[in-house]
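The values are calculated or read from the model by the stated rules, or taken from the named source; none is laboratory data. Owing to the predicted nature of the structure, the values given are computational and were not obtained by experimental measurement. All Cβ positions, even for glycine, are placed from backbone atoms using ideal geometry, and neighbour counts span all protein chains on display. For the accessible areas, the whole protein counts, side chains as well, though only heavy atoms, and no ligand, DNA or RNA atoms are used. Shrake-Rupley method; radii C 1.70, N 1.55, O 1.52, S 1.80 Å.
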Amino acid sequence: MAGARAAAAAASAGSSASSGNPPPQEPGLGELLEEFSRTQYRAKDGSGSSGSKVERIEKRCLELFGRDYCFSVIPNVNGDICGHYPRHIVFLEYESSEKEKDTFQSTVQVSKLQDLINRSKMARCRGRFVCPVILFKGKHICRSATLAGWGELYGRSGYNYFFSGGADDAWADLEDVTEEDYALRSGDVHLFDKVRGYDIRLLRYLSVKYICDLMVENKKVKFGMNVTSSEKVDKAQRYADFTLLSIPYPGCEFFKEYKDRDYMAEGLIFNWKQDYVDAPLSIPDFLTHTLNIDWSQYQSWDLVQQTQNYLKLLLSIVNSDDDSGLLVHCISGWDRTPLFISLLRLSLWADGLIHMSLKPAEILYLTVAYDWFLFGHMLVDRLSKGEEIFFFCFNFLKHITSEEFSVLKTQRRKSLPARDAGFTVEDICMLRRRDRGSTTSLGSDFSLVMESSPGAAGSFTYEAVELVPAGAQTQAAWRKSCSSSPQSVLWNRPQPSEDRLPSHPGLAEARSSSSSSSNHSDNFFRMGSSPLEVPKPRLAALSARETRLQEVRSAFLAAYSSTVGLRAAAPSPSGAIGGLLEQFVRGVGLRGTSTL
């Protein structure tokens, strides 16, 4: 683990060296990562030296949110609402300029919202209620934990005492009775109607329509009993009015396989045949027909493909024409949930659609601090177990730099006349210069028009047009190999009402991210056995999106390596990665890594 992190440092330094400048760093990012890797955030821990660091982190987050938004704050002092939610929960109300901030008028009654939250929090695991965290096109993107089971509802006091700091696999050992049996014994058969009714009221207040459940289980089972539930299996169908999506995604335990494979996500496939995996992928057809993804093959996707396709789905939902919000959750809402919330925030930011005034280092600080640290991700525990889902999130940015992950291309397509097939040569020639961009740069406007199209064979698509030679694309040849862990199967491939706030299957995916495979040697090459790829100098200017995401990733790798990684460095490194570690620790040779 230490060696791979050191390789990350060398890789990030090497990519920066090509331009002669180190990746820009946000003041305080090192302190944030150091604090994050030492302790899990708890809202009640606000004293001492650690408390002062947390206060600086909280203050910086409020400042960064305030650059582009007017917002209200829902107080959570001492964790009164939720122990692992921020002490200052930001409720983004609308985008604003500096002048507008002086005349800010709140569109929400914070006291009413806080009362609704207090009433609804019991409905969800660990009290992690539905919380809005991103505002896009006037719609709230929210996060939470899954629905609480009867065991937590009736035993919250003892549960919190024993398991408030535990991981997802820490659950009370309770007798095996059904929810209905326990409710009858307690004399309150309407408990679930009450608490889940408040949860539904909160969802409606936030105008949430889409609920994306990342659990691979229908219900979390421990000691032979159900300890949590989910909307998709609510017996009373209380959530029938919402659009429910079951998009099972491996839990944090699976990311030990990622770390053990030298941080290689390509070819790493989750083992869907494990006994506890019983939640099939389920997405309404009207949400999938425009994505050109064969969803029936989801169990054959590796970790890169799965994450890419799920992100495309979430982006298409938030970019739809309706004004409905989105909720994303897993079990506890502090591993898989921040992964996709962070990727959504960074992808929309890279398109210039949210947090528009923030620089790469600033948006990196905001998402690490707010989406991960202040919402209770247990980095200390995950690092000790090698479950490096946090590292995967930011290293994965190299796989979503292409325009196919941009929501701008969808907006542009809607403004063009509809056609039965792809763009023709005549279409491109007739475009105005502003729409075409320059002939020497893959500008974002030009790339949007040249997007891939599911038209008939021979249609003029983005795949057929390369202003910059991209080299040969090697077709994936899959070969199954043995895996020592039941978690994975390894494949090798050559790579405003009263309750609301005012306000085709079978087709292969057209194209993966420009860096989604280790086979794309035209863009990247490897340093020995380093799990990270070092960008080569490009023949033409990068798109704004790609440049921004690469800068975020480089800044993360540099900061992560110099804080989290080096502190755990092995004293006697060996091998190719170990050599890079020695080189980095000595502080020499970093400028030459790009020429290795």
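Summary of values
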quantity: Residue check for residue 382: closer than 29 Å to residue 147 by Cβ, under 11 Å from the mean Cα position of the chain (by Cα) and not small (Gly, Ala, Ser); calculated: no
quantity: When residues of segment 223-241 are limited to those that are among the hydrophobic types (A, V, I, L, M, F, W, C) and either loosely packed, with under 12 Cβ neighbours inside 10 Å or in a loop (DSSP other than H, G, I, E, B) (or both), the one modelled with the lowest pLDDT; calculated: 223
quantity: Segment 297-333, residues that are in contact with an Asp or Glu (Cβ under 7 Å, 6 or more places away or on another chain) and either in a loop (DSSP other than H, G, I, E, B) or open to solvent by 20 Å² or more (accessible area, probe 1.4 Å) (or both); calculated: 302, 331, 332
quantity: Condition met for residue 120 (more than 22 Å from residue 337 (Cβ to Cβ) and small (Gly, Ala, Ser)); calculated: no
quantity: For residue 103: the one exception among (1) β-branched (Val, Ile, Thr); (2) open to solvent by less than 30 Å² (accessible area, probe 1.4 Å); (3) not in a helix (DSSP H, G or I); calculated: (2)
quantity: Only one of 50, 72, 18 that is buried (at least 16 other Cβ atoms within 10 Å of the Cβ), over 23 Å from the mean Cα position of the chain (by Cα) and modelled with pLDDT of 55 or more; calculated: 72
quantity: Candidate set from segment 270-287 (those that are in a loop (DSSP other than H, G, I, E, B) and under 20 Å from the mean Cα position of the chain (by Cα)); member that is surrounded by the fewest Cβ atoms within 10 Å (Cβ to Cβ); calculated: 281
quantity: Test: residue in segment 254-265 that is touching a helix residue (DSSP H, G or I) at 6+ places or on another chain (Cβ under 7 Å) and hydroxyl-bearing (Ser, Thr, Tyr); calculated: yes
